1. Please compute the length gained on full extension between MET329 and PHE43, using 0.36 nm multiplied by the number of residues separating them and subtracting their Cα-Cα distance.
2. Mind checking the stretch 39-113 for trypsin sites (Lys or Arg not before Pro) that DSSP puts in a loop (not H, G, I, E or B) and that have at most 12 other Cβ atoms within 10 Å?
3. Express the Stokes-Einstein translational diffusion coefficient of the stretch 296-370 in µm² s⁻¹, to the nearest whole number, given a Kirkwood radius over alpha-carbon pairs, 25 °C and a viscosity of 0.890 mPa s.
4. Compactness ratio of the chain: Cα Rg over 2.2 N^0.38 Å, N = residue count?
5. For THR284 and VAL122 in one chain, what is 0.36 nm times their gap in residues minus the Cα-Cα distance, to one decimal in nm?
6. Equivalent-ellipsoid semi-axes (√(5λ), Cα gyration tensor) for the stretch 188-227, whole Å, largest first?
7. Roll a 1.4 Å probe over the protein heavy atoms and report the accessible area of LYS337 in Å², nearest 10.
8. How would TRP231, TRP185 rank on accessible area, largest to smallest, probe 1.4 Å?
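The values are calculated or read from the model by the stated rules, or taken from the named source; none is laboratory data. All values reported here derive from a predicted model rather than from experimental measurement. Methodologically, a virtual Cβ is constructed for each residue, glycine included, from the backbone with ideal geometry; neighbour enumeration extends over all protein chains shown. Heads up: the accessible areas ignore ligands, DNA and RNA and are worked out on the full protein's heavy atoms, side chains in. Shrake-Rupley method; radii C 1.70, N 1.55, O 1.52, S 1.80 Å.
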Amino acid sequence: MIPLHDPYISQQARDYMNDCLNQGWISSSGMYVGQFEDKFSQFTNLPCSVAIQSGTAALHLALLTLGVKKGEVVIAPDLTFVASINAISYTGAEPLLVDANESNWQMDLDVLEEFLIKETEVREDGCYWAARNRKISCIMAVHVLGYIGNMPRLKQICVSRKIALLEDASEALGSTKGKFHAGHWGDASVFSFNGNKALSTGGGGMICFHDPDRARVAKHLSTQAKKDEFWYDHDQIGFNTRMTALTAAFGCGQLAVFEEKLSRKVEIARRYMDELSSYGEFPTRQVDDHPNFWLNTLKTERQRALIKKMREAEVQVRPLWKPMHELSMYRSAHYLKRDKSVSHQLHLSCLSLPSSPNLSEQEQEQVIQVFYQ
């Protein structure tokens, strides 16, 4: 079976983990959690990084750190992995879903801005959905498949409406827009190191901030809100979500070879685009956009037939996620769209292809040949 995206495991990661084991500091103590945070900040040019047990937990803590409260509204894309929207629900806030853009598959900013202009008002303490008198405390942008949408425009929208901006960059480590890395525009940004991500530690996440005070709040919440560790004094309800030293040591080793792996992913993407553009459409991007090509995904009328053929050829593929408004727990969520649901159409027509940096040229040729059959 040719896997969709299997993780690479660098020798450096093995060496770092062995050192961590030899030191005996395998929980969140020791040097490796801080070292991974520092190395991550250097790579992304995001000054404050807080290592967390998972990307989902990182999203939850990021929302809390940005001040999202029960009963408020968080705007998010309809086309995303369910963890993005679940994290909103954990806070007690209500997700307001926005359809995908037909061209780049990111949140449709025209639909979003039309809603904000027509149905919200800016008050002294923030932006309110006028008809419901509900505060819109945050907009969550998701960099779908590692592509970065028009973040300068979205940042301007958020500033003008007094709304916090959270970048869910779980899929976008290594992606850049101009000279800026994913995560640059958000008041907070989140990355994932799940088993299938561009950089994997088996699990884990990172929250990044420009504001060190917010980073301190997130770290405090992630360590059971300990005010005095010796006397077991805690000043609020906290969480046990700090990354372990073993995971962080693994991450340090993986990050050491990440740019090399990213270069291979770019090569894989170029070949797919050269060979398969006549069979469908890849998401569009601007000239200064450089995605990490996490999962190379083609929009094609042959989706179902190709899924069947790929399975027969022992090639692992998958469709894009079912839209959030179609999931049973979010069917009642308010959903902003045009005449038709673009996210629904993308779910029914998109096919993600094997994209691991470990994918050999021969394996990629096998994938491509299925299209010619």
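1. Extending this stretch completely gives an extra 99.2 nm.
2. Values: sites: LYS39, LYS69, LYS70; in loops: LYS69, LYS70.
Hits after loop and neighbour filter: LYS69, LYS70.
3. Stokes-Einstein gives a translational diffusion coefficient of 175 µm²/s.
4. On the way: Rg = 20.8 Å, N = 373, 2.2 N^0.38 = 20.9 Å.
Its radius of gyration relative to the 2.2 N^0.38 Å reference: 1.00.
5. Numbers: separation 162, 0.36 × 162 = 58.32 nm, distance 3.31 nm.
Full extension from THR284 to VAL122 adds 55.0 nm.
6. Values: eigenvalues 108, 35, 4 Å².
Largest first, the stretch 188-227 gives 23, 13, 5 Å.
7. 90
8. On the way: TRP231 185, TRP185 25 Å².
The most accessible residue leads, giving TRP231, TRP185.
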